[in-house]
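Structure, as structure tokens:
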Amino acid sequence: MILIKNARDLVKLLSKFRSDNLKIGFVPTMGALHEGHISLIKRCITDNEICAASIFINPTQFTNLNDFNNYPSTIEADLDILERNGCNVLFLPSVKEMYPSDHKTKFYDLGYIDTIMEAAFRPGHYQGVCQVVDKLLSLVEPDRLYLGQKDYQQCMVIRKLIELERYPVEVVVVATVRETSGLAMSSRNMRLSPEEKLTAAAISRNLFYVRDQIENLPATSLKQGVTEALNKEGFKVDYIEIADKITLKAVEKFAPGSGAVVLVAATLHDVRLIDNVLI
Ligand code: AMP
């Protein structure tokens with residue numbers, strides 16, 4: 001694996017691959033890699049001649065300094081994981097490299113999706129995500145971009161960014177990888193004790209319950225039921241929403257066959273977790 005820390009070297013290397021007609025797939029991450037990230041890397045390797053990944057804990061997408069300071073970093077282990085799984089190029093930039101002094105903060109007109117759920121609870125979060133993904137896409141110019149369904153709203157935001165900035169890239173969304181308990185794998189899970197991890201599995205259990213009951217019970221009572229169940233387990237629930245899978249507009253009455261997604265964000269002892277299931 002080739003490790004690159006500066007943008008100019010990255011552009012040079014990738015343009016060489018491109019001129020050799022090699023397809024480039026790209027997996028952006030914030031590190032602290034787990035099986036979820038690895039599934040993106042594996043899919044990227046299957047689909048492309050070159051798999052490029054990045055590790056960058058992007059300060060502009062954190063809306064809480066404490067969260068940023070506590071974000072796990074396991075670079076040595078990450079390098080080993082990427083190497084062992086066959087990643088070809090790792091871009092590991094510094095904050096200065098990504099945001100040089102002449103960096104211009106853009107505003108991305110994302111519309112409705114930048115007003116709801118994660119955007120409402122973390123104002124400015126998706127603008128920060130767009131700053132970094134825009135910069136990464138302009139450097140990497142991948143043929144395909146690999147994203148996890150785990151961050152469903154983020155996938156919609158990045159699709160919108162790609163449309164706004166007209167990047168000629170195909171987005172591949174990879175299914176969420178879960179622990180056997182059902183808990184969605186996340187770098188943030190490292191901050192949970194084994195007991196808390198078991199408790200945290202209540203999130204996915206409740207999502208699966210909504211998925212299985214959506215045709216039998218009204219959306220409002222399902223959402224209220226999940227909120228109460230999670231509160232009882234000690235979570236602080238930010239939102240539980242049943243939404244159209246394309247527009248993310250709330251679904252009041254589920255019509256069988258229509259595409260919907262159930263999304264939840266809840267905090268357990270200071271660790272904020274998000275998850276979703278498609279119906
Ligand atoms: P992160 O490092 O959390 O920014 O995530 C980097 C990429 O990995 C994003 O596209 C995430 O959606 C994806 N990802 C994170 N957790 C999982 C998971 N459990 N299963 C599949 N993809 C994931």
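The values are calculated or read from the model by the stated rules, or taken from the named source; none is laboratory data. Every value quoted in this text rests on a predicted model; they were computed, and no experiment measured them. Reconstructed Cβ throughout: ideal geometry from the backbone, glycine too, with neighbour counts over all protein chains shown.
Observations on the model:
- Candidates 69, 58: the one that is under 22 Å from residue 191 (Cα atoms) and exposed (fewer than 12 other Cβ atoms within 10 Å of the Cβ) is 69.
- Of all residues in the range 30-44, exactly one satisfies the criterion of being under 19 Å from residue 140 (Cβ atoms), near the ligand (Cβ under 6 Å from one of its atoms) and surrounded by fewer than 22 Cβ atoms within 10 Å (Cβ to Cβ), namely 30.
- In the range 154-192, of all residues being part of a helix (DSSP H, G or I), within 11 Å of the ligand (Cβ to nearest atom) and of a type outside the set (A, V, I, L, M, F, W, C), the one that is nearest to residue 124 (Cα to Cα) corresponds to 154.
- Contact map, the range 180-196: first residue farther than 18 Å from residue 206 by Cβ, second residue near the ligand (Cβ under 9 Å from one of its atoms) and hydrophobic (A, V, I, L, M, F, W, C), Cβ cut-off under 7 Å, separation 6 or more or different chains; pairs are 187/30; 187/32; 190/32.
- Residues within the range 228-258 that are more than 23 Å from the chain's Cα centre (by Cα) and among the polar types (S, T, N, Q), tallied: 2
- Any hit, the range 46-62, residues being within 12 Å of the ligand (Cβ to nearest atom) and of a type in the set (D, E, K, R): no
- Checked against (1) within 13 Å of the ligand (Cβ to nearest atom); (2) modelled with pLDDT of 95 or more; (3) surrounded by fewer than 18 Cβ atoms within 10 Å (Cβ to Cβ); (4) closer than 30 Å to residue 249 by Cα, residue 120 meets all criteria but (1).
- The set of residues from the range 101-128 being under 21 Å from residue 53 (Cα atoms) and out of contact with any Asp or Glu (no Cβ under 9 Å at 6 or more places or on another chain) comprises just one member, 128.
- Count of the range 82-96 residues which are surrounded by 19 or more Cβ atoms within 10 Å (Cβ to Cβ) and assigned to a helix (DSSP H, G or I): 1
Residue by residue, here is whether (1) crowded, with 17+ Cβ neighbours inside 10 Å; (2) not basic (Lys, Arg) holds:
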{"position": "208", "(1), (2)": "no, yes"}
{"position": "211", "(1), (2)": "yes, no"}
{"position": "218", "(1), (2)": "no, yes"}
{"position": "223", "(1), (2)": "yes, no"}
{"position": "227", "(1), (2)": "yes, yes"}
{"position": "242", "(1), (2)": "yes, yes"}
{"position": "247", "(1), (2)": "no, yes"}
{"position": "251", "(1), (2)": "yes, yes"}
{"position": "263", "(1), (2)": "yes, yes"}
